[in-house]
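Let me begin by presenting the structure, written as structure tokens, before commenting on it.
The values are calculated or read from the model by the stated rules, or taken from the named source; none is laboratory data. Keep in mind the model is a prediction, meaning the values are calculated, not measured. Neighbour counts run over all protein chains shown; Cβ positions are idealised from the backbone, glycine included.
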Amino acid sequence: MPNWGVIFDMDGTMIDNNPFHFQAWQAFCKKRGRSLTQEEYLQQISGKNNEATLTYLFPHENWNAETLAAAKAEKESLYRQLYAPHIKPIEGLPTLMQDLHQQHVPIAVATSAMPENIAFALERLPISAYISVVVDSSQVAHGKPAPDIYLLAASKIQVPPQQCIVFEDSLNGVQGAKNAGMFVIAITTSLHADAFQQADRVIDHYTGLSAHLLYAWLTNRYPHK
């Protein structure tokens with residue numbers, strides 16, 4: 001196989017944790033007298049980094065580095081407490097990652113999650129050995145739906161953007177990966193398949209996927225000359 005690579009988002013893509021992020025944001029908002037519906041969370045928040053989320057939820061707050069850091073730490077602590085007893089990879093993910101690794105396909109993670117949450121997840125999942133690179137939104141100027149994080153991940157695994165497959169679960173993530181010129185597979189952990197009009201493929205889980213199947217999808221979309 002020629003040079004190609006796979007980039008995974010983390011929240012909602014490697015782990016089905018968005019319900020727990022939603023619960024944590026709900027508790028965070030309730031404490032401050034703001035309501036948050038699941039529809040608003042999925043449409044406006046899912047896939048965004050914490051700074052963007054906090055300024056969206058509380059636009060009149062006088063945010064600075066100190067207050068943002070404290071708010072992020074509070075919300076993510078709530079999330080980890082809620083999710084720790086339930087964490088597991090999405091069905092079929094370890095098998096797919098092992099196959100990609102055995103076929104020498106580099107794997108990157110490109111996530112808006114905080115470093116503490118990335119470590120929290122990867123320490124508890126049987127997939128860390130297969131991942132070459134982890135990129136988070138603190139390493140780029142613009143978070144999803146900007147393409148920055150995907151382009152950085154591609155550069156770190158030394159694969160051209162058009163030869164990267166991205167797995168995403170959010171509309172912001174799919175849009176950002178498409179903006180980067182990548183082949184995007186959406187997973188329906190958070191939204192129904194018909195929401196992902198921009199995605200190249202839509203899946204419910206990873207069972208049945210393989211390196212050779214993904215490569216066939218990629219080459220059908222971007223034919224090699």
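Which ones in region 121-143 are over 30 Å from Ala52 (Cα atoms) and in a helix (DSSP H, G or I)?
So in region 121-143, the residues over 30 Å from Ala52 (Cα atoms) come out as 126, 129-130.
Ala129, Tyr130, listed by residue number.
Please verify whether Leu68 is under 19 Å from the mean Cα position of the chain (by Cα), hydrophobic (A, V, I, L, M, F, W, C) and closer than 27 Å to Ala153 by Cα, treating the condition exactly as stated. Working first, answer last.
Numbers: under 19 Å from the mean Cα position of the chain (by Cα): no; hydrophobic (A, V, I, L, M, F, W, C): yes; closer than 27 Å to Ala153 by Cα: yes.
No; evaluated as a whole, the condition is false for this residue.
If Gly47 satisfies all but one of (1) of a type outside the set (Phe, Trp, Tyr); (2) in contact with a strand residue (DSSP E or B) (Cβ under 8 Å, 6 or more places away or on another chain); (3) in the same structural domain as Gln175 (by TED's automatic domain parsing), what's the number of the condition it fails?
Among (1) of a type outside the set (Phe, Trp, Tyr); (2) in contact with a strand residue (DSSP E or B) (Cβ under 8 Å, 6 or more places away or on another chain); (3) in the same structural domain as Gln175 (by TED's automatic domain parsing), the lone unmet condition for Gly47 is (3).
Looking at the structure I just gave you, is Arg34 modelled with pLDDT of 95 or more and more than 23 Å from Asp169 (Cα to Cα)? Please lay out each step first, then the result.
Details: modelled with pLDDT of 95 or more: yes; more than 23 Å from Asp169 (Cα to Cα): yes.
When the stated conditions are applied, Arg34 passes them.
Restricting to region 71-107, what's the tally of residues that are within 26 Å of Ile157 (Cβ to Cβ) and of a type in the set (A, V, I, L, M, F, W, C)?
Counting residues in region 71-107 that are within 26 Å of Ile157 (Cβ to Cβ) and of a type in the set (A, V, I, L, M, F, W, C) gives 8.
Inside region 172-190, can you point out the residues that are under 14 Å from the mean Cα position of the chain (by Cα) and among the hydrophobic types (A, V, I, L, M, F, W, C)?
Correct list: Val174, Ala177, Val184, Ile185, Ala186, Ile187.
How many residues are polar (S, T, N, Q) and within 13 Å of the chain's Cα centre (by Cα) when one looks only at region 127-162?
1
Picking from Phe20, Phe58, which residue would you name as being out of contact with any His (no Cβ under 8 Å at 6 or more places or on another chain), more than 30 Å from Pro160 (Cα to Cα) and not aliphatic (A, V, I, L, M)?
Phe58
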